[in-house]
Amino acid sequence: MARFKKEGKAGLPELNMSSMSDIIFMFLFFFMVISTMRETSLFVIIKIPQAMEVQKLEKKALVSSINIGKPNQNYIGKLGPEPRIQLNDQFAEPSDIIEFVEVEKQRRNDVDRTMITWSLKVDENVKMGIVTDVKQELRKASAFKVNYTARKKEVRK
Amino acid sequence: MSRKMPGLNTGSMSDISFLLLTFFLLTSSINTDKGIQRRLPPPVSKDAKIPDVNRRNVLRILVNMHDQLLVNEEVLYDVNQLKEITKNFITNPTANPNLSEKTSKYIEELGENVMVSKGVVSLQNDRSTSYSIYVAVQDQLTMAFNELRNEYSQQRFGKSFDNLSEEQKKGVQKIYPMSISEAEPSNYGGSK
């Protein structure tokens, strides 16, 4: 009869963990790429107002932002404290909106063009005047779907 | 004679990468935009006729340069009351002759006639009104209409509005359309 040799310890064989780290690294890179993708540096200071009934914007690819707020530290010396409009990565006047709308529409395919949501990211201390000007321009450019960006208000009980 | 390389212990490697992963997950914000959605009306030509609306069917909200509210010629001190006022105006439970009228309207999606309010909310602000109060007003109005829709859905279908089918949602939206008209802003505040 064969003799069974007793080995030092009968334990589970060690799992090979080397590929585990590869998988996690893949995750890591995925998230790094995703989170840095849509970062346009803001030149204006925006404190988003609060609201109770906020809805999430569904398709991020179909959102174009219009930022309105006071110029930040780097630009306030040059431009003064009056609120400014920032489109993509430059300052703009209300009259530039129509062109901006056209450019943004060109970036999308035909089907999506009417579905674009224009997200107005406006500082809460900005006066309505400039916002109204922007809205009027959007109407002229037939960009009707707007979203007033707001944070969810915490309800204190 | 070849000697075997001792295997490197890579078990802790995954711990390190996990740590990095969680760090990035916590610090990076996949910022989801949230907000109040609205549809702007198409631009009107100058010679367009102003639709004739009975005065009682319009809830006039004015916001002045000091962020004070005037609702149907009455001063409103707390913006948070606007929701109840709007709901009351639209539903008009006591059939008050100063609040909105109702008409019977056939709703295709529901296949029946429903009493629908003719009420319209008219919002006018000044150029010097702050954006925060504007959003607060819009928020209150949205809340009012959402609650009305929800209440109707509960009553009629026993479900909240979000759980209705697309068809039913459309029908309920027709019963309580979010009819908010925004007038061109006044410019009493002076500066831009």
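The values are calculated or read from the model by the stated rules, or taken from the named source; none is laboratory data. All values reported here derive from a predicted model rather than from experimental measurement. With ideal geometry, Cβ positions are generated from the backbone for all residues, glycine too; neighbour counts draw on all protein chains shown.
Please indicate, with yes or no, whether at least one residue in the range B:119-131 is within 12 Å of another protein chain (Cβ to nearest Cβ), over 14 Å from residue B:175 (Cα atoms) and without any contact (Cβ under 8 Å) to a residue 24 or more places away in the chain. Looking through the range B:119-131, at least one residue is within 12 Å of another protein chain (Cβ to nearest Cβ), over 14 Å from residue B:175 (Cα atoms) and without any contact (Cβ under 8 Å) to a residue 24 or more places away in the chain. Could you check the range B:95-113 and list, in sequence order, the residues that are touching a residue at least 60 places away in the same chain (Cβ under 8 Å) and among the hydrophobic types (A, V, I, L, M, F, W, C)? Residues satisfying the conditions are B:107, B:110.
For the range A:126-141, which residues satisfy the criterion of being of a type in the set (Gly, Ala, Ser) and within 7 Å of another protein chain (Cβ to nearest Cβ)? Selection gives A:129 alone. Counted as qualifying within the range A:13-122 are the strands (runs of 3 or more DSSP E) with 3 or more residues that are more than 15 Å from the chain's Cα centre (by Cα), namely A:63-71, A:90-92. Residue A:147 falls short on exactly one of the conditions (1) in a strand (DSSP E or B); (2) of a type outside the set (A, V, I, L, M, F, W, C); (3) touching a helix residue (DSSP H, G or I) at 6+ places or on another chain (Cβ under 6 Å), and that condition is (3). Checked against (1) over 31 Å from the mean Cα position of the chain (by Cα); (2) modelled with pLDDT under 80, residue B:23 passes all but a single condition, namely (2). When we screen A:53, A:99, A:104 for residues that are out of contact with any strand residue (DSSP E or B) (no Cβ under 7 Å at 6 or more places or on another chain) and either modelled with pLDDT of 85 or more or within 20 Å of residue A:148 (Cα to Cα) (or both), the only hit is A:99. Residues in the range B:42-53 that are touching a Ser or Thr at 6+ places or on another chain (Cβ under 9 Å) and either at pLDDT below 70 or loosely packed, with under 11 Cβ neighbours inside 10 Å (or both): B:42 alone. Would you check if there is a residue in the range B:96-107 being modelled with pLDDT of 80 or more and within 19 Å of the chain's Cα centre (by Cα)? Within the range B:96-107, not a single residue is modelled with pLDDT of 80 or more and within 19 Å of the chain's Cα centre (by Cα). Against the conditions (1) out of contact with any strand residue (DSSP E or B) (no Cβ under 9 Å at 6 or more places or on another chain); (2) surrounded by 21 or more Cβ atoms within 10 Å (Cβ to Cβ), residue B:129 satisfies every one except (1). Here the range A:24-37 is the region considered, the condition is being exposed (fewer than 13 other Cβ atoms within 10 Å of the Cβ) and within 8 Å of chain B (Cβ to nearest Cβ), and the residue that is modelled with the lowest pLDDT is A:36.
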